[in-house]
Amino acid sequence: NVIILGNDGTSCSAAISFSNNAANITPDQSFTNSLENINFHQSKTTTWNITGVKEGILDITVSAQCSSDDSILDKVNSYAISISIADTTKPTVNLIRPLNNTWSSNSDVTFEFNVTENTGIENCSLYFNNKLNQTSYNLETGSLLNFTLNNTPEGSHEWFVSCFDNSSNSNEGNSTTRIVNVDITPPNVILLSPANNTATPNNTILFGYNVTDNFNAANCSLIIDNEIILTNSTITLNISNSFIKTLIGSNYAWQINCTDNASNVGSSVTFFLNI
């Protein structure tokens with residue numbers, strides 16, 4: 001609240017300033033607000049909205065002046081206060097990799113993330129299958145950070161990262177929860193027909209096989225003489241699957257390769273066929 005003493009004031013304004021960068025005015029405002037003209041012994045009120053940036057003691061000074069000022073009594077045109085700023089904002093934790101529902105063929109899994117926080121980070125922890133797995137300290141905000149978990153067992157696992165800031169409130173921020181699937185075992189492929197070293201006058205051949213896997217098989221391919229001939233992406237485990245191919249009379253070497261969702265490749269033995 002600015003009141004005029006002594007005479008009418010013209011082209012008056014008030015300016016706010018801070019002792020440090022613990023706070024700032026909101027972006028849509030100016031540090032200096034116009035009060036226009038103020039008549040003798042009248043007053044005008046101006047306001048600023050400020051936002052805390054980090055913890056600390058903030059000294060705030062507001063000074064007023066008019067273009068018509070002749071002399072100003074000592075400090076009568078300024079007012080100063082100190083306020084304490086506490087951090088109540090939780091750290092923001094963003095997971096980078098692996099993506100949700102990723103399949104990994106490596107049992108050593110690296111979990112990447114970053115965290116943003118104005119005050120600074122005290123520590124971050126990896127939670128794996130809802131249990132605390134490991135904690136890191138002295139982390140830099142905004143940087144690419146990671147945890148590595150070795151010898152991860154096969155299967156589907158939940159993970160998230162939790163971080164505490166170093167404010168007096170020790171605010172905790174948690175990431176979302178993701179799932180990572182670990183599969184280090186390739187599919188097992190058994191050839192069913194035709195039997196090895198078959199000789200046949202028929203040139204339309206049904207190549208039968210069976211595939212087993214701990215989790216899934218994404219696709220299987222018929223390979224004849226080291227060339228992929230046909231691929232099937234709708235595989236059912238533990239039953240007979242097949243390809244049908246018409247070939248010219250000749251001798252052939254054939255096998256079946258199957259790939260699971262973790263890109264593990266399982267290859268059958270090689271059978272020989274004479275048409």
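Odds and ends about this structure:
- Amide H within-cut-off set for residue 53, under 5 Å, with H built and near neighbours excluded: 23, 24
- In Hz, Karplus ³J(HN,Hα) per residue of the stretch 146-151 (6.51, -1.76, 1.60; θ = phi - 60°; x = Gly, Pro): 7, 10, 10, 10, 8, 6
- All lysines inside 27 Å of residue 75 as judged from Cα atoms, apart from same-chain residues fewer than 8 positions distant: 44
- Remark: the stretch 97-157 carries a charge dipole of roughly 140 debye about the Cα centre, counting +1 on each Lys and Arg Cβ and -1 on each Asp and Glu Cβ.
- FRET efficiency for the pair residue 78 and residue 39, taken as 1/(1 + (r/R0)^6) with r the Cβ-Cβ distance and R0 = 22 Å, rounds to 0.55.
- Estimated vicinal HN-Hα couplings, Hz - the stretch 111-121 in sequence order (Karplus 6.51, -1.76, 1.60; Gly, Pro = x): 9, 9, 7, 9, 9, 10, 6, 6, 7, x, 9
- Relative packing of 29-39, 89-99, which averages over residues the other C-beta atoms within 10 Å, highest first: 89-99, 29-39
- Each of (1) 21.0; (2) 22.6; (3) 25.5 is a candidate for Kirkwood radius over Cα pairs in Å; the one calculated from this structure is (3).
- Cβ-placed point charges (K, R +1; D, E -1), dipole of the stretch 67-178 about Cα centre in debye, nearest 20: 460
- Overall, the accessible surface of the chain at a probe of 1.4 angstrom is composed of carbon and sulfur to the extent of 46 percent.
- ³J(HN,Hα) computed for each position of the stretch 203-218 - Karplus, 6.51 cos²θ - 1.76 cosθ + 1.60, integer Hz, glycine/proline x: 9, 9, 10, 9, 9, x, 7, 10, 10, 10, 7, 5, 9, 6, 10, 6
- Highest-fluctuation residue, 56, 249, 173 considered, GNM on the chain with Cα pairs under 10 Å: 249
- Placing +1 on the Cβ of every Lys and Arg and -1 on the Cβ of every Asp and Glu, with nothing else charged, gives the stretch 1-89 a dipole about its Cα centre of roughly 100 debye.
- Note on residue 54: lysines with a C-alpha under 19 Å away, same-chain residues under 8 apart excluded, are 90.
- The residues of the chain have, on average, 56 Å² of accessible surface per residue, using a 1.4 Å probe with all protein chains present.
- Per-pair calculated FRET efficiency, R0 = 35 Å: residue 166 and residue 29 via Cβ, rounded to 0.05: 0.75
- With K and R counted +1 and D and E -1, the other residues having a Cβ less than 12 Å from that of residue 89 yield a net charge of -3.
The values are calculated or read from the model by the stated rules, or taken from the named source; none is laboratory data. Since this is a predicted model, take the numbers as computed values, not measurements. All Cβ positions, glycine included, derive from the backbone under ideal geometry; neighbour counts span all protein chains shown. Keep in mind that these areas ignore ligands, DNA and RNA; they rest on the heavy atoms of the full protein, side chains included. Shrake-Rupley method; radii C 1.70, N 1.55, O 1.52, S 1.80 Å.
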